[in-house]
Amino acid sequence: MTADQGPVVGPDEAWIDSHCHLQDTYRPGGVEVIEAVRQAVGAGVVGLVCVGTDAETSRQAVVLVDEIRAAVGSDDSGVPADFGAWATIGLHPHDAAHGLVDVVRTLDDALAEHPGAVVAVGECGLDYHYDHSPRPEQRDVFAAQVALAKERNLTLVIHTRDAWDDTFDILKSADRPEHVVMHCFTGGPEEARRSLDLDAYLSFSGIVTFKNADDVRAAAALCPLDRLLVETDAPFLAPVPHRGEDNRPGLVSIVGAAVAAVKEVRVEDLAASSRAATRTAFALSL
């Protein structure tokens, strides 16, 4: 396999990367957007959700979706006509101290000017591992984004690290939206059950391939297929054997294969079920 190629995938595998960051701020190596998408297509990817983490990266995500949608189906782009791309808009807990005003403005402008491009609020939530923003502000901004997703009838994408109890408390006390995704799930069986009890979807990343991630694999094993998504979180968390490299959507099939092994199902069946679950979780048209 060369650096430009994705993993070998079977003819019946088609994947949606439910969470990646391909914006200018995050895109590794200066690879052009359409080239990154072509690489993903070559590795069996049929759609992706590009996730915002603040006002600027959220704007970039919407622009990126427009660029991909303008290229699909053209002879010179190499992007098939049925490739799907969507954006999310939100404020990461690291930046909660900056406030939501610009993010809300970005969201409402995008909903008005780019119909169908934005499918979720997030990623948002709580991160007590780094505490880049004070915890009270993290909680307030997270709760506000739960309400925002409900008000705008959008899916909620959650980042939670070392903050499970407060995350669940806010979700249980809020009027939350119909669809909630626990992005890059890092909990074990207990956290998985608590999430599923709230009707949340669990999205598994390359962490599921890491040697010390037995709890995450146990969570994947118990998660029903209709509640299980796969993601790369590119350019972060590249799966084994690419750990330490810049991650990319084309590696989502490695994540999916690892989850399939844990669940003892065929890889192509996991690809199909995760596609269906992602379509439902984000109300996608693909």
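See the values below:
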{"item": "Qualifying positions in region 246-275 - of a type in the set (Val, Ile, Thr) and part of a loop (DSSP other than H, G, I, E, B)", "result": "Val265"}
{"item": "Conditions (1) crowded, with 19+ Cβ neighbours inside 10 Å; (2) touching a Leu at 6+ places or on another chain (Cβ under 9 Å); (3) of a type in the set (Gly, Ala, Ser); number of the one not met by Gly44", "result": "(2)"}
{"item": "Conditions (1) at pLDDT 95 or above; (2) surrounded by 15 or more Cβ atoms within 10 Å (Cβ to Cβ); number of the one not met by Asp226", "result": "(2)"}
{"item": "Complete set of residues in region 38-72 that are within 16 Å of the chain's Cα centre (by Cα) and farther than 21 Å from Cys124 by Cβ", "result": "Ala40, Val45, Val46, Gly47"}
{"item": "Leading residue by the ranking (farthest from His98 (Cα to Cα)) among those in region 109-146 that are assigned to a helix (DSSP H, G or I) and among the hydrophobic types (A, V, I, L, M, F, W, C)", "result": "Ala112"}
{"item": "Filtered residues of region 197-233 (kept if among the acidic types (Asp, Glu) and farther than 15 Å from Ile16 by Cα)", "result": "Asp197, Asp199, Asp214, Asp215"}
{"item": "Enumeration of residues in region 151-174 that are polar (S, T, N, Q) and either in a helix (DSSP H, G or I) or buried (at least 22 other Cβ atoms within 10 Å of the Cβ) (or both)", "result": "Thr155, Thr160, Thr167, Ser173"}
{"item": "Qualifying position, being surrounded by 15 or more Cβ atoms within 10 Å (Cβ to Cβ), touching a residue at least 24 places away in the same chain (Cβ under 8 Å), assigned to a loop (DSSP other than H, G, I, E, B) and among the β-branched types (Val, Ile, Thr), among Thr278, Thr232", "result": "Thr232"}
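Yes/no matrix, rows are residues, columns are (1) in contact (Cβ under 8 Å) with a residue 40 or more places away in the chain; (2) out of contact with any helix residue (DSSP H, G or I) (no Cβ under 7 Å at 6 or more places or on another chain); (3) within 21 Å of Val157 (Cα to Cα); (4) in a helix (DSSP H, G or I):
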| residue | (1), (2), (3), (4) |
| --- | --- |
| Arg176 | no, no, yes, no |
| Glu191 | no, no, yes, yes |
| Val208 | yes, no, yes, yes |
| Ala219 | no, no, yes, yes |
| Gly244 | no, yes, no, no |
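Every residue, every condition in (1) within 25 Å of Phe185 (Cα to Cα); (2) part of a helix (DSSP H, G or I); (3) not polar (S, T, N, Q), yes or no:
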position	(1), (2), (3)
Pro11	no, no, yes
Ser18	yes, no, no
Gln23	yes, no, no
Glu35	no, yes, yes
Thr57	yes, yes, no
Val62	yes, yes, yes
Asp66	no, yes, yes
Val79	no, no, yes
Asp82	no, no, yes
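The values are calculated or read from the model by the stated rules, or taken from the named source; none is laboratory data. Values in this document were obtained by computation on a predicted structure and should not be read as measured data. Don't worry about glycine lacking a Cβ; one is built from the backbone with ideal geometry, like all the others, and counts go over all protein chains shown.
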